[in-house]
Every structure is written in C-alpha cells, then in structure tokens.
1. Kindly sort Asp33, Asp23, Asp86 by accessible area of their heavy atoms, largest first, with the probe set to 1.4 Å.
2. Give me the percent of the accessible area of the range 102-233 that comes from carbon and sulfur atoms, probe 1.4 Å, all protein chains in place.
3. Give the share of C-alpha pairs in each 10 angstrom bin for the range 76-119, from 0 to the last occupied bin, in whole percents, shortest bins first.
4. So what is the relative contact order for the chain, in percent, with contacts set as C-alpha pairs under 8 Å and at least six apart?
5. Quick one: how many Å² of Leu221 are accessible to a 1.4 Å probe, rounded to 10?
6. For a quick check of your reading of the filter: which trypsin sites (Lys or Arg not before Pro) in the range 111-155 sit in a DSSP loop and have no more than 13 other Cβ atoms within 10 Å?
7. Which number do you get for Rg(Cα) / (2.2 N^0.38 Å) in the chain?
8. Residue by residue through the range 114-130, what is 3J(HN,Hα) from phi via Karplus (6.51 cos²θ - 1.76 cosθ + 1.60, θ = phi - 60°)? Round to whole Hz and write x for glycine and proline.
Amino acid sequence: MPTNTPLANQIVTVCFDANADADWFAASEKVNDLLHANGTPSRRFHVRHRAIIGWLSRFFGYYLLDAARKFGAITLAAGGRKSRLDLTGTATKASHQASQRWRAFNAHIATTTRPARTWEDFLTQHHADPAKVTLAEARRRFEQQPRILAMLAYADGHTFDPYELAAYQAGEATYAGLHWRIAIVGDALITTDGRLLKPASDSMADKFRFLNEGCSYLRSLRSSARLCAITIA
C-alpha cells in the first residue's frame, strides 16, 4: 500500500520556456531565489511512450531530467519537455493510490471513530490568541481527538496523514482529487516568468484553489515547455 509523502518534504514544480536553460541546477537556483531553500531532483513524473516510436524512444533520455530506468527502459523522470512527460498517467496513478488509502481509512477509521475537528480549526485558535493557545497546545488538542489518535496509531502498511483530515472527511473523490493534483503540481509552482504560486494559507480550501490554478497553468503551457520537480526539506 502506498503512503503519503513525508510531511517534512515539499515538492516545487519549476517551469521553463522551451528556449531556456532547463536543467535541475537552473531549477534549484529559482527555488533558492524565491523560497530561500535548497533542493534535489524528485523523480515523480511518468514518462510518455508514444505509439509506434515508443518502443525505441523508451530507451533514450533525450529532453528528460534525472531519468530512472527499469529493465533498461525509462519509466520516471524529475522533469523534462512537457511532451515527453505523461502527466495524465502520473495523475491517474496518484489518484488510484489515494483511493486505496481513503478506502482503508473509511474501513478502519471512519467506521470506528466520530468525525474530528480539522487542524485548521485549532490553528485558528492559536492565531487568535497565541499566548493562551500556543502552537504546541493547539497541536496537542488536535491530536488528542479519538479519530486523530486512530489515524496515528494505525500501522497495517498504511499511512494516514491527520493533517489531511478535511480531505479525508470530504469523501473519496475529494481525497483522490487532492492527490492527483499534488502529483503533477506539487506544493508550490514557479512559472516560466518567475512567479511563485502557492496556497494562500494552510486551509484545505486554499490548497485546492492553488492546485486548480497550477493545473490550469500547466495545461496552458506549450508541449515544448520544460518542467522540473524539486524536493525541498
């Protein structure tokens, strides 16, 4: 069973015009300039193998960044020309994995515990009166809820991120929709003209607004544009 991405790591998708230098060093410089963080390539994109010529192109890494091979054929890459990346396949696999996680959550957590308040609710209490409700106290109140404890305690090959509770409680389609968007957009996106797109707040609603904007932006890019996924800690 697949697990969530560790909370300590974030993925930034960096976009380049077709005629720009688009190696991962250039992507790292953009990430450092805008987020003041260092990163490493993240092999998260499936690679497209076209009909007829795909049997040959699958063995060549042209227009790809940090490609990974399986039995000699390229299967994953940290980025490359948009036309060589299988964004649909990447999203489909992430959606399937998320649906598996949600069904496990529904079977083992949702049926045995009451709905819980989300982390955003407790974070709001902290921001309203930091002296009275420290961040540590807000986290303690959030995690002492029976449903959150059950999510943290469950250890049968699954990892349930309690900070995604709002999406879990919204249903399978919402939870799967969250993760297929994250799979292709990441946690932040840098546009070809150097704009940084990211959620306006920690709320799940703002995360979805950002992800929808990121998906629309990626769709608008020409097939010759370049993408690079960077992991920052």
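The values are calculated or read from the model by the stated rules, or taken from the named source; none is laboratory data. The structure displayed is predicted, hence computed values, not measured ones. Here the Cβ positions follow ideal geometry from the backbone for every residue, glycine too, while neighbour counts run over all protein chains shown. SASA here: full protein model, heavy atoms, side chains in, ligands and nucleic acids out. Shrake-Rupley method; radii C 1.70, N 1.55, O 1.52, S 1.80 Å.
1. Details: Asp33 110, Asp23 70, Asp86 45 Å².
Of Asp33, Asp23, Asp86, the descending order of accessible area is Asp33, Asp23, Asp86.
2. Working: 3380 of 6480 Å².
Here it works out to 52 percent.
3. Taking every Cα pair in the range 76-119, the percentages come to 23, 31, 22, 18, 6.
4. On the way: 375 pairs, mean separation 86.0, N = 233.
Answer for the chain is 37 percent.
5. Answer for Leu221: close to 20 Å² accessible.
6. Working: sites: Arg117, Lys132, Arg139, Arg140, Arg141, Arg147; in loops: Arg117, Lys132.
Passing sites in the range 111-155 are Lys132.
7. Numbers: Rg = 19.3 Å, N = 233, 2.2 N^0.38 = 17.5 Å.
Normalised Rg, Cα atoms only: 1.11.
8. In residue order, the calculated couplings are 6, x, 10, 6, 7, 4, 4, 4, 6, 5, 4, 4, 5, 5, 5, 8, x Hz.
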